[in-house]
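Bear in mind these aren't lab numbers, they're just calculated from the coordinates by the rules spelled out. Quick caveat: nothing in here was measured; it's all calculated off a predicted structure. When we count neighbours, we look across all protein chains shown, and the Cβ atoms used for this are built from the backbone with ideal geometry, even at glycine.
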Amino acid sequence: MIIASLVLTLATIVHTQPGAAYTIGPWKLGMTREEVKSFLKFGPYTLVAATGGLETAHGTFQDQPANVCFGFDTQGLSYIQVWKYEGKEYASAKSAALDVFRLFRDEFGGAQMNGIHRGDGKPLDAGAVEAVLEKVLGTAHELGKKLASERKVWATFTLDMDPEKQPLDNKLHAQFIYSAQHDTFYIFVFQDRPSARARTAKGNVQLDKIEAAGAHQ
């Protein structure tokens with residue numbers, strides 16, 4: 001079955017000793033709203049109505065410009081979300097995802113993807129990650145159109161990636177997503193407190209019924 005062939009069994013991620021300290025731009029978890037906004041060169045900062053947090057279109061990640069969102073709770077800055085890529089071009093999404101893999105490999109001893117393992121038992125390399133991206137996100141546009149037309153469902157395809165070793169005092173998680181409803185790829189990197197709930201998707205493919213009034217393809 002076409003969906004069954006794409007759904008990958010989720011595996012438990014076990015991390016070894018913490019890696020190096022790591023920050024996204026100048027921001028650190030625990031900062032107040034005012035401290036986040038104090039870095040004026042990355043502003044202006046605007047309110048995110050859906051979360052009550054902040055965002056800037058002039059942030060930085062891996063020494064490149066990036067949209068960055070900030071979530072807060074009673075203890076200050078609780079998470080940072082980097083929008084490394086948002087758009088309709090698979091090639092650009094793949095390039096952004098491989099950038100994230102190289103960051104995890106170079107800074108944190110490698111990367112893990114849920115349910116994905118090399119047959120020779122070696123750590124994932126760029127070639128293996130690219131093959132997974134091609135199989136899932138590379139086919140997502142056409143498969144999403146097919147599912148919308150034949151089964152009247154919107155498909156969202158998600159791949160999760162974690163570094164082999166998490167940074168000191170926080171944890172990183174990446175998601176590589178294609179939304180058929182919006183015909184858009186998203187490459188996200190999250191930085192959370194170590195105690196935060198896991199962000200791993202429940203499955204690699206999520207199906208949602210198309211509402212008759214909004215159906216189009």
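Can you spot the aspartates and glutamates whose alpha carbon is less than 14 Å from LYS145's alpha carbon? Ignore those fewer than 8 places along the same chain.
ASP183, ASP208
With only Lys, Arg, Asp and Glu charged, each at its Cβ (+1 for the first two, -1 for the last two), find how big the charge dipole of the chain is about the Cα centre; round to the nearest 20 debye. Display every interim value, and only then the final one.
Numbers: 23 positive and 24 negative charges, 66 e Å.
My answer is approximately 320 debye.
Out of residues 5 or more away from PHE61 or on other chains, whose amide H comes under 5 Å of its own, with H placed 1.01 Å from N in the peptide plane?
ALA66
What list of ³J(HN,Hα) values in whole Hz, one per residue of the stretch 198-203 in order, does the Karplus curve 6.51 cos²θ - 1.76 cosθ + 1.60 (θ = phi - 60°) give from phi, with Gly and Pro shown as x?
4, 9, 4, 5, 5, x
Once every DSSP H run of n ≥ 4 in the chain is given -39500 (n - 2.57) and the sum is divided by its residues, what mean residue ellipticity at 222 nm do you get, rounded to the nearest 500 deg cm²/dmol?
Values: 3 runs with 50 residues, N = 217.
Result for the chain: -7500 deg cm²/dmol, rounded to the nearest 500.
Identify all lysines with a Cα-Cα distance to LYS37 below 29 Å; exclude those on the same chain that are fewer than 8 residues away in sequence.
In chain and number order, the partners are LYS28, LYS84, LYS171.
Compare the peptides 154-165, 183-194, 66-77 by average per-residue count of other Cβ atoms within 10 angstrom and give them in order, highest first.
Numbers: 154-165: 21.7, 183-194: 19.4, 66-77: 17.0.
The densest-packed peptide leads the list: 154-165, 183-194, 66-77.
In the stretch 33-211, how does Rg compare with the Kirkwood Rh, expressed as the Rg/Rh ratio over alpha carbon atoms? Working shown, then result.
Working: Rg = 17.1 Å, Rh = 17.4 Å.
Here Rg/Rh amounts to 0.98.
Please label the shape of the stretch 96-143 as rounded, prolate or oblate, based on the square roots a ≥ b ≥ c of the eigenvalues of the alpha-carbon gyration tensor (a/c under 1.5 means rounded; beyond that, a/b larger than b/c means prolate, else oblate).
On the way: a/c = 2.65, a/b = 1.45, b/c = 1.83.
Here the stretch 96-143 falls in the oblate category.
When the Karplus curve 6.51 cos²θ - 1.76 cosθ + 1.60 is applied with θ = phi - 60°, which whole-Hz ³J(HN,Hα) does each residue of the stretch 140-153 get, with x for Gly and Pro?
Running phi through 6.51 cos²θ - 1.76 cosθ + 1.60 with θ = phi - 60° gives 5, 4, 5, 5, x, 4, 5, 5, 5, 6, 8, 10, 6, 9 Hz.
For the stretch 104-198, what does the alpha-carbon gyration tensor say about shape, rounded, prolate or oblate, given a ≥ b ≥ c as the root eigenvalues, a/c under 1.5 as rounded, and a/b over b/c as prolate? Provide the component values of the computation, followed by the final result.
Values: a/c = 2.91, a/b = 1.60, b/c = 1.82.
Since a/c reaches 1.5 but b/c is at least a/b, the shape of the stretch 104-198 is classed as oblate.
Projected onto the charge dipole of the chain (+1 at Lys/Arg Cβ, -1 at Asp/Glu Cβ, origin at the Cα centre), which of ALA148, SER92, LEU133 gives the Cα projection farthest towards the positive end?
ALA148
Can you work out the Karplus-derived ³J(HN,Hα) for every residue in the stretch 165-178? Use 6.51 cos²θ - 1.76 cosθ + 1.60 with θ = phi - 60°, whole Hz, and x for glycine or proline.
Along the stretch 165-178, the couplings run 10, 7, x, 5, 6, 6, 9, 10, 8, 10, 10, 10, 10, 10 Hz.
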